[in-house]
1. Consider region 63-109. How many of its residues are in a loop (DSSP other than H, G, I, E, B), closer than 19 Å to Asp15 by Cα and among the hydroxyl-bearing types (Ser, Thr, Tyr)?
2. Note down all Cβ pairs under 9 Å where the first residue falls in region 1-17 and is closer than 15 Å to Ala53 by Cα, the second is hydroxyl-bearing (Ser, Thr, Tyr) and open to solvent by less than 20 Å² (accessible area, probe 1.4 Å), and they're at least six residues apart or on different chains.
3. Can you go through Lys62, Lys66 and tell me which one is basic (Lys, Arg), more than 19 Å from Gly83 (Cα to Cα) and open to solvent by 80 Å² or more (accessible area, probe 1.4 Å)?
4. Among the residues that make up region 46-57, is at least one of them closer than 17 Å to Met1 by Cβ and touching a residue at least 40 places away in the same chain (Cβ under 8 Å)?
5. Considering Lys2, Lys30, Lys18, which residue is touching a helix residue (DSSP H, G or I) at 6+ places or on another chain (Cβ under 9 Å), among the charged types (D, E, K, R), buried (at least 18 other Cβ atoms within 10 Å of the Cβ) and on the phi < 0 side of the Ramachandran plot?
6. Select from region 37-62 the residues that are touching a strand residue (DSSP E or B) at 6+ places or on another chain (Cβ under 6 Å) and either outside any strand (DSSP E or B) or among the β-branched types (Val, Ile, Thr) (or both) and list them in ascending order.
7. For region 69-102, which residues satisfy the criterion of being of a type in the set (D, E, K, R), under 18 Å from the mean Cα position of the chain (by Cα) and open to solvent by 80 Å² or more (accessible area, probe 1.4 Å)?
8. Considering only residues that are over 29 Å from Ile74 (Cβ atoms) and not aliphatic (A, V, I, L, M), which ones fall in region 84-109?
Amino acid sequence: MKLVTAIVRPEKIIDVTKALEEEGYFAFSKWAVAGRGKEKGIMVGDVLYQEMAKNMLYIVVKDNEKDEVVDIIINSAKSGEFGHYGDGKIFVSDICEAYTISEESREEE
């Protein structure tokens, strides 16, 4: 299994979750977060915003679904045709084990 962690613009979170659901990916967790990328913030007039509001999604998928989920997120989170700084980041990690609490069971791939 893979954990796909996506950090996206708040105004794109509905587009991303809708696109995932349309393709059958209903299970995810999301949080409102703040942070910055390698650009170290953004200057608007005389004000430097060192952290920007973002949303973070966690979605666990089968190994063979990872590429599809990453593509869905990229295509629905990108702003404009070519994207812009601050559109977000996606990280993919291996999941060694997962358990369903209510069923007291270990999940298999």
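The values are calculated or read from the model by the stated rules, or taken from the named source; none is laboratory data. Quick caveat, the model's predicted, so the values are computed rather than measured. Cβ sites come from the backbone with ideal geometry, for glycine too, and all protein chains shown count toward neighbours. Heavy atoms of the whole protein, side chains included, go into the accessibility calculation; ligands, DNA and RNA do not. Shrake-Rupley method; radii C 1.70, N 1.55, O 1.52, S 1.80 Å.
1. Step one: list which residues in region 63-109 are in a loop (DSSP other than H, G, I, E, B), which gives 78-87, 95-98, 101-104, 107-109.
Filter again for closer than 19 Å to Asp15 by Cα, leaving 78-87.
From the residues that got through so far, the ones that are among the hydroxyl-bearing types (Ser, Thr, Tyr) too are 79, 85.
Number satisfying all stated conditions: 2.
2. Val8/Ser76; Lys12/Ser76
3. On the way: Lys66 fails: open to solvent by 80 Å² or more (accessible area, probe 1.4 Å).
That would be Lys62, the only listed residue that is basic (Lys, Arg), more than 19 Å from Gly83 (Cα to Cα) and open to solvent by 80 Å² or more (accessible area, probe 1.4 Å).
4. Step one: list which residues in region 46-57 are closer than 17 Å to Met1 by Cβ, which gives 57.
Adding the requirement that they be touching a residue at least 40 places away in the same chain (Cβ under 8 Å) leaves 57.
Yes: region 46-57 contains one or more residues that are closer than 17 Å to Met1 by Cβ and touching a residue at least 40 places away in the same chain (Cβ under 8 Å).
5. Details: Lys30 fails: buried (at least 18 other Cβ atoms within 10 Å of the Cβ); Lys18 fails: buried (at least 18 other Cβ atoms within 10 Å of the Cβ).
None of the other options fit; the residue is Lys2.
6. First pass over region 37-62, keeping only residues touching a strand residue (DSSP E or B) at 6+ places or on another chain (Cβ under 6 Å): 41-42, 49, 51, 53-61.
Gly41, Ile42, Glu51, Ile59, Val60, Val61, listed by residue number.
7. First, the residues of region 69-102 that are of a type in the set (D, E, K, R): 71, 78, 81, 87, 89, 94, 97.
From the residues that got through so far, the ones that are under 18 Å from the mean Cα position of the chain (by Cα) too are 71, 78, 87, 89, 94.
Within region 69-102, Asp71, Lys89, Asp94 qualify.
8. Step one: filter region 84-109 for residues over 29 Å from Ile74 (Cβ atoms), giving 99-106.
The answer is Tyr99, Thr100, Ser102, Glu103, Glu104, Ser105, Arg106.
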